[in-house]
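A.B. asks: Have a look at this one before I ask anything.
Quick note: the coordinates plus some simple rules give every number you see, no bench work behind them. Because the structure is a prediction, the values reported are computed rather than measured.
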Amino acid sequence: AEWLPQFRPACGGVGWPGPERAGRSPAMNLHQVLTGAVNPGDNCFSVGSVGGHPFTAYASGCDIVILGTDFERLQIIPGAKHGNIQVGCVDCSLQQGKIAASYGNAICIFEPVQCLKQKHDCHTGLHYQWQKSGQITLEHTVHNLTWDPTGSRLLTGSSCLQLWSNINYENPAEYENHEKADVQDWRIIWQCKTASQVHLMKFSPDGEFFATAGKDDCLIKVWYNTDSWKSAVAPQVPTPELISQEVDFSFIYLAHPRSVSGFSWRKTSKYMPR
């Protein structure tokens, strides 16, 4: 049964009186009861989009719960299929509806598959079920991960920063037909060892940059693709060292007077000149 007992937060050992004790009706009306608490941490829930409809995915113990536009429960991905390991972090892509979830040092990729419209869910446009399409295994525990806006690259933070992709950058035309892409072939296209563990990370809305910050860090690193910015200034002659690398990133610092607890990117048009 989906129900929860009346919650009375306490402060200093003294609980707040419930409505029956205060002699008045509750100030807030119950909208919906969702079983299973969200795992602790800021990286255990995310909002994505598929087919123009937003959805929410969050980690609850070893399971992943997926909610629709009106927070109706669409699917539960059981943790029993992944060794009953508690989900560490979850992130959803805003274009392809992919879900990435970490189980210790493993990351599972789930992609939406359109299903037949049911009578009981005719009020929602989300007629999808998420199925596992790939897995990435790292050497160390994953602490954070985030999709780029297109859902084709995944940035992970463990003992180092790693950027993963299943696109062949030498021949990107092969990825134009998504069905022909080998979703199982996720590989590292860039990695960098950081001085401290990355606590916050997020791509810019256009996918051109991403920013990272450590825990209790006063400096934000804004990373940029060095190949893109060098080619904008002058043609770059490839060297043997660069030929072996698919992409390369460098960063600049943004200083903050106190420890950074969070940040967000301003949304700008991709047609805005730089």
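A.B. asks: Using only the C-alpha atoms of the stretch 56-105, find the volume of their convex hull and express it per residue in Å³.
C.D. replies: Spelled out: Cα convex hull of the stretch 56-105, divided by residues, is 73 Å³.
A.B. asks: With respect to the cross-link table entries LYS81/LYS202; LYS202/LYS267; LYS132/LYS202; LYS98/LYS221; LYS132/LYS267, which display a Cα-Cα separation exceeding 22 Å?
C.D. replies: LYS81/LYS202; LYS132/LYS202; LYS98/LYS221; LYS132/LYS267
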